[in-house]
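The values are calculated or read from the model by the stated rules, or taken from the named source; none is laboratory data. The shown structure was predicted, so the numbers you read here are calculated from the model rather than taken from an experiment. Cβ coordinates were reconstructed from backbone atoms using ideal geometry, including for glycine residues, and neighbour counts include every protein chain displayed.
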Amino acid sequence: MELFKNTNIDFLGKRWTFIGVSLVLTAIGLASWIGKGGLRYGIDFTGGTNLNLRFSGPPPVEKIRSSVSAKIPGEITVQEISGENSVIIGSPMKGDLALAQDRKLIEEALTATFGQSTGKLDFSNASAQAVAGRLRDPLAQAGAGLSDTAVEALAKTITDFRNSPPRSGLLKSFDELNGLPGVTPKIIEVLNQNFYNAPFQIRSVEQIGPKIGAELQNKAILATLYALGGMLIYIAFRFEWIYGTAAVLAVFHDVVITLGLFSLFNKEITLNVIAALLTLVGYSMNDTIVVFDRIRENLKTNRRDPLAKIVNASINQTLSRTVLTSGLTFLSAAALWIFGGTVLNGFSFALVVGIIIGTYSSIFVASPILIFWHNFVESRKKKAPVASGGPKDRRKG
């Protein structure tokens, strides 16, 4: 499919405009980076604790932050997940022993703020085993006549019901259990006497120690550098070394600008973001190779044409392919950014920015590098005969 036929756009004539844009974006990003003392890393790299909580209604973010901050020193982050009545609570990096206490302290803070101090068990965050353990004696005292196996089966039935949609972990009332197999009015009465329904449930906990975080950070940097180095070798082998250098510099340009925008918008660098950056490296490199491949083909058939004319023609000939692939990929990444939620926000943001930057860098960064190098080599060749001829003339005189 060809969107554009016989285009003759002077892309190289506009290269200084886009190079200027790149320099401005790079300067702004690096200024933000330096001004903030570096990038903002997530607990994947710094270490810490993340708790994902779901509330029965809109979560009171400030109340959550103040209650947890009273228990745990340092900066506590509470990130709301829009449309889900959920938040992610993050605590700062600590030593391995202190880190193990964070979940307990956060749970205590949440229970003190949103729970009950009546001696009843929090049903929203209780496991099936905990529910069975609390039910066993009260049911026996109430004359329910259930064996230990039957109590365990009952606990599993009601916790499975609690965790299934549309409840997804939270009950408003134990009356919702009416109609479940084995649930009688007497059992509901016992549940009301021994349990309460907290307005939140801890959905997941993620804990990473500082040593593991530092190791992951080093591996992420090495993975990106190895990817760039491998691609440099591949393109230098397939084309010439200057092609590989131009492609790697263009991709490095994409990564630096993307990270600069992450710093500017105060977004966290997580393992998901590193995955997006590596995806960006491969995507941008592939886009550049397509243009370079067409340049190489045109050089074989149009040897007498100036290199700038061949490069411009090659970009125009691959324009339809570039717009189709980049446009469709951009739409997918944009949809993921808009609708993917908080967890995938960093990943999708890196892709959206990277696709835009990577597409224009293949045209306005990588290709001009070839022109600059060609002009430099040609100027050296022209100076060489003059330099070698000078001494001979002097000797003759």
**Prompt:** So, in the stretch 29-62, of the ones that are in contact with an Asp or Glu (Cβ under 9 Å, 6 or more places away or on another chain) and without any contact (Cβ under 8 Å) to a residue 60 or more places away in the chain, which residue ends up surrounded by the most Cβ atoms within 10 Å (Cβ to Cβ)?
**Reply:** 61
**Complete:** Flagged in the stretch 187-239 as of a type in the set (S, T, N, Q) and in a helix (DSSP H, G or I), in numbering order, are 192, 193, 194, 217, 218, 224
**Request:** Kindly establish whether residue 15 is more than 20 Å from the chain's Cα centre (by Cα), at pLDDT below 90 and not polar (S, T, N, Q).
**Result:** yes
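Evaluate the stretch 21-34: report whether one residue or more is over 29 Å from residue 307 (Cα atoms) and assigned to a strand (DSSP E or B). Before the answer, list the steps.
Pass one, the stretch 21-34, residues over 29 Å from residue 307 (Cα atoms): 27-34.
Remaining after also requiring assigned to a strand (DSSP E or B): none.
Checking the stretch 21-34: not a single residue is over 29 Å from residue 307 (Cα atoms) and assigned to a strand (DSSP E or B).
Report, by residue number, each residue of the stretch 34-74 that is among the hydrophobic types (A, V, I, L, M, F, W, C) and farther than 25 Å from residue 171 by Cβ.
Of the residues in the stretch 34-74, the ones among the hydrophobic types (A, V, I, L, M, F, W, C) are 34, 39, 43, 45, 51, 53, 55, 61, 64, 68, 70, 72.
Selection gives 34, 39, 43, 45, 70, 72.
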**Prompt:** Which numbered condition trips up residue 370, out of (1) crowded, with 19+ Cβ neighbours inside 10 Å; (2) of a type in the set (A, V, I, L, M, F, W, C); (3) closer than 18 Å to residue 240 by Cα; (4) modelled with pLDDT of 85 or more?
**Reply:** (4)
**Fill in**
Per the list (1) surrounded by fewer than 18 Cβ atoms within 10 Å (Cβ to Cβ); (2) in contact with a helix residue (DSSP H, G or I) (Cβ under 9 Å, 6 or more places away or on another chain), residue check on residue 312 breaks on (1)
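Could you say whether any residue in the stretch 172-181 is assigned by TED's automatic domain parsing to the domain that holds residue 157 and aromatic (Phe, Trp, Tyr)? Spell out the reasoning first.
Let us first name the residues in the stretch 172-181 that are assigned by TED's automatic domain parsing to the domain that holds residue 157, namely 172-181.
Subset that is aromatic (Phe, Trp, Tyr): 174.
There is at least one residue in the stretch 172-181 that is assigned by TED's automatic domain parsing to the domain that holds residue 157 and aromatic (Phe, Trp, Tyr).
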**Test result for residue 324, part of a helix (DSSP H, G or I) and in contact (Cβ under 8 Å) with a residue 40 or more places away in the chain** = yes
**Asked** Where residues in the stretch 252-308 are part of a loop (DSSP other than H, G, I, E, B) and basic (Lys, Arg), which of them is modelled with the lowest pLDDT?
**Response** 303
**Asked** Based on what the data block shows, is residue 242 touching a residue at least 40 places away in the same chain (Cβ under 8 Å) and in a helix (DSSP H, G or I)?
**Response** yes
**Message:** residue 357 - would you say it is at pLDDT 85 or above, under 35 Å from the mean Cα position of the chain (by Cα) and over 30 Å from residue 54 (Cβ atoms)?
**Reply:** yes
